[in-house]
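Step one of this worksheet: look at the structure below.
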Amino acid sequence: MKYHQRDLVKINFPIPGEGYKVHPAIIVSNDELQMNEGFVYVVMVSSQDFEFSRQYAYPLTEEMLTCKLDKPSWVKCQLVAADVETSILGRLGTVKENYFNEIVDKIIESIF
């Protein structure tokens with residue numbers, strides 16, 4: 001298994017109404033699911049701050065990551081997708097555990 005939970009990856013992400021676009025995303029599913037089922041759940045990261053969906057966004061800063069960001073970015077907690085590991089184009093870094101847990105809480109709040 002090449003990628004793990006909390007990894008920030010580049011992936012061809014399905015965008016509602018637009019098809020697929022390469023975006024950073026965070027793997028939110030656990031490693032056991034990936035090993036047993038062969039797919040991962042990811043949440044999209046974007047540098048676009050959409051005012052209409054700001055209530056679902058979680059700001060992502062460099063202090064939260066093991067890598068640098070090119071632009072200010074947000075986790076789009078309402079945009080979760082399932083995909084296979086082979087669709088991942090590369091690993092950018094990892095989200096630190098305490099911040100990852102906050103992001104998961106925001107995803108749950110946003111979706112449920």
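Of note:
- Residue check, GLU102 surrounded by fewer than 20 Cβ atoms within 10 Å (Cβ to Cβ), in contact with a strand residue (DSSP E or B) (Cβ under 8 Å, 6 or more places away or on another chain) and not β-branched (Val, Ile, Thr): yes
- Restricting the stretch 13-47 to residues that are β-branched (Val, Ile, Thr) and in a strand (DSSP E or B), the residue that is farthest from PRO72 (Cα to Cα): VAL40
- Of all residues in the stretch 52-77, those being surrounded by fewer than 16 Cβ atoms within 10 Å (Cβ to Cβ) and touching a Phe, Trp or Tyr at 6+ places or on another chain (Cβ under 7 Å) number 1.
- When residues of the stretch 56-92 are limited to those that are touching a Cys at 6+ places or on another chain (Cβ under 8 Å) and of a type in the set (Phe, Trp, Tyr), the one farthest from PRO14 (Cα to Cα): TYR58
- Selection count, the stretch 80-89, where residues are within 12 Å of ILE27 (Cα to Cα) and either free of Cβ contacts under 8 Å to residues at least 24 places away in the same chain or part of a strand (DSSP E or B) (or both): 6
Values quoted throughout were computed directly from the atomic coordinates according to the rules given, and no laboratory measurement underlies them. Only a predicted model underlies this, so the values are computations on that prediction, with no experimental measurement involved. Note that we place each Cβ from the backbone using ideal geometry, even for glycine, and neighbour counts take in every protein chain shown.
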